[in-house]
Structure formats: C-alpha cells, structure tokens
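One structure below.
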Amino acid sequence: MPVRAEHDRPQLARLLARDPVLHAYQLGDLDDFFWPYTSWFRRDDQVALLYHGTDTPVLIAHADPAGLPVLSALLADLAPLLPARLYAHLSPGLSTGPFDVERERPHLRMALTAPGLLDRVTPAGQPLTVADLPELTALYAQAYPGNWFDARMLDTGHYVGVRDGGELEAVAGVHVYSPAYRVAALGNVTTHPRARGRGLAAAAVAAVCRGLAAHVDHVTLNVSADNVAARRLYARLGFTDAAEFTECWLRPRP
C-alpha cells in the first residue's frame, strides 16, 4: 500500500489509539482545536503527522519496533513533499536516509502511571486566562525562552499560575488537551529564576493534573533526556518513562 494523505479522523484515531501514550500528541491533534493545522500521511498501519500551526512545521513520526520498517518507508516517500526545513520528533531506529539530520537531542515521553503520588503535593495556583497573557509571556521570556507556547491553549482552562505578592512566579499548562480522544500532554512548565527551589512548579503541575483527571485517561509529557531535575520532579509526581524519541531538525535531500 503506497503512502497516501489520510483525512479520515476515525480511522486515524483507531490506528493511533493502539498506543495512546506513544501517540498522545497525534491523538490530541485530531481534536477540532488543532485539526485545521495538520496534514496526515499513512502507509499500511503507520501514520506520520505534519503540524503546520507554528512558524516552523513539525513532523511527528512514532512507531514501536515492529512498525519501524513501514514508517521508515513512509518517510522516504514523503521526503520530496516536505518543506525544505522542518523540526521533527522521531522514534529511535527510524531511518532518516532521505534527510540531513541536524541538532539531535534525545527526549523521553513520560506518562502519569501513579497518580496517587500527586496526593503528596499540595496543589496551588489559579487558572490563567487571556487577560494574563502579557504577564505569562514575560515570564516565559525570563524563565523559559524558546519554549513552544500557543496562546490559544489558555482557552482550555488548563493553565495554572502561582503568584507571590501579586507576581506570577510559576506556571504549568498543556501542549495538547483533547477530552474527545481522552489524552493530554503537559507543557510550558516553568518557575521564575528568583522563585526556584520552593516547589512552586510541582504545586502547579499537581493542580493541572487534578483538573485533567475528570476529562482524560492519559496524561503525558515530553522532557529532554538530560534534564535530570525535571525528570526527578515528574517522577515524584507519579510519572514514569514510557518511550524514547529524538527531537531534531530535518532537511530533505534533493
């Protein structure tokens, strides 16, 4: 079966739901909130997503070991159709033969598998809205420059800010949230440098996770493999390593 553009959301959902943690971001992008910014490609039972809702398109291609040969063939067929430069999230072992690969960074997908550990942390923070956007943007510029943040995500109601003396000191939110497909991915978690070491990020993450519990079955996140402090934080809150992947830049070869 050759590569083809896929527009059938129920069919994509069936394929991706075989591993909802590995494919959490893709499942979330099936939601109406993100669907208009996506292009989907399929070969047999493997799926690749090109997300073009950011300045730089993002290619997401994940598979378990058994699916890697088909997904590698899918990427080879896609190479001539892709933008001249794009960011990518790729499963280990996936062939990148048709691409020049730059600035590879190992990452982990973590999943909330022991939610009872959240009870050890007192949640804190108040929901953030569009009215908080200027202050939130300023915090990210100070504490998390270069992060991926879509201001539309504030409309989900799952961004929480912790204030001290009226100043926004910590925040936790989501990259993906889909009650329709029962998945969420935490993102944009940070603390102002002056307030670090006080557990504010953990309290904000706990608040977000509790708010998500009634709406999704799977809470996930991505973290750089070398970010030991963040991995320890999430482990204390009940997250465990679920999958490895690489973030990198790709250039399809002529």
Flagged in the range 11-43 as closer than 14 Å to L78 by Cα and either of a type in the set (A, V, I, L, M, F, W, C) or touching a helix residue (DSSP H, G or I) at 6+ places or on another chain (Cβ under 7 Å) (or both), in numbering order, are W40, F41, R43
Among strands (runs of 3 or more DSSP E) entirely within the range 1-104, at least 3 residues that are free of Cβ contacts under 8 Å to residues at least 40 places away in the same chain and within 23 Å of D150 (Cα to Cα) occur in 38-43, 46-51, 58-61
With the first residue restricted to the range 243-254 and required to be of a type in the set (G, A, S), and the second required to be assigned to a strand (DSSP E or B), Cβ contacts under 7 Å at 6 or more apart or on different chains are A243/R109
Conditions (1) surrounded by 13 or more Cβ atoms within 10 Å (Cβ to Cβ); (2) assigned by TED's automatic domain parsing to the domain that holds A79 -> L118 fails only (2)
Within the range 103-114, is there a residue that is surrounded by fewer than 20 Cβ atoms within 10 Å (Cβ to Cβ) and in contact with a Gly (Cβ under 9 Å, 6 or more places away or on another chain)? yes
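Results for (1) farther than 24 Å from L212 by Cα; (2) of a type in the set (G, A, S), shown as yes or no for each residue.
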site: Y25; (1), (2): no, no
site: D44; (1), (2): yes, no
site: H52; (1), (2): yes, no
site: L59; (1), (2): yes, no
site: H62; (1), (2): yes, no
site: L71; (1), (2): yes, no
site: A79; (1), (2): yes, yes
Going through the range 3-27 in order, the residues found to be modelled with pLDDT of 95 or more and of a type in the set (G, A, S) are A13, A17, A24
Those helices (runs of 4 or more DSSP H) completely within the range 128-238 that have 1 or more residues that are surrounded by fewer than 20 Cβ atoms within 10 Å (Cβ to Cβ), free of Cβ contacts under 8 Å to residues at least 24 places away in the same chain and of a type outside the set (D, E, K, R) are 133-143, 228-236
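Quick one: would you say S39 is under 19 Å from R14 (Cα atoms) and surrounded by fewer than 20 Cβ atoms within 10 Å (Cβ to Cβ)? Working first, answer last.
On the way: under 19 Å from R14 (Cα atoms): yes; surrounded by fewer than 20 Cβ atoms within 10 Å (Cβ to Cβ): yes.
So S39 passes the test.
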(1) surrounded by 13 or more Cβ atoms within 10 Å (Cβ to Cβ); (2) farther than 26 Å from L49 by Cα all hold for L82 apart from (2)
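The values are calculated or read from the model by the stated rules, or taken from the named source; none is laboratory data. The shown structure was predicted, so the numbers you read here are calculated from the model rather than taken from an experiment. Every residue, glycine among them, receives a Cβ derived from its backbone with ideal geometry; neighbour counts consider all protein chains shown.
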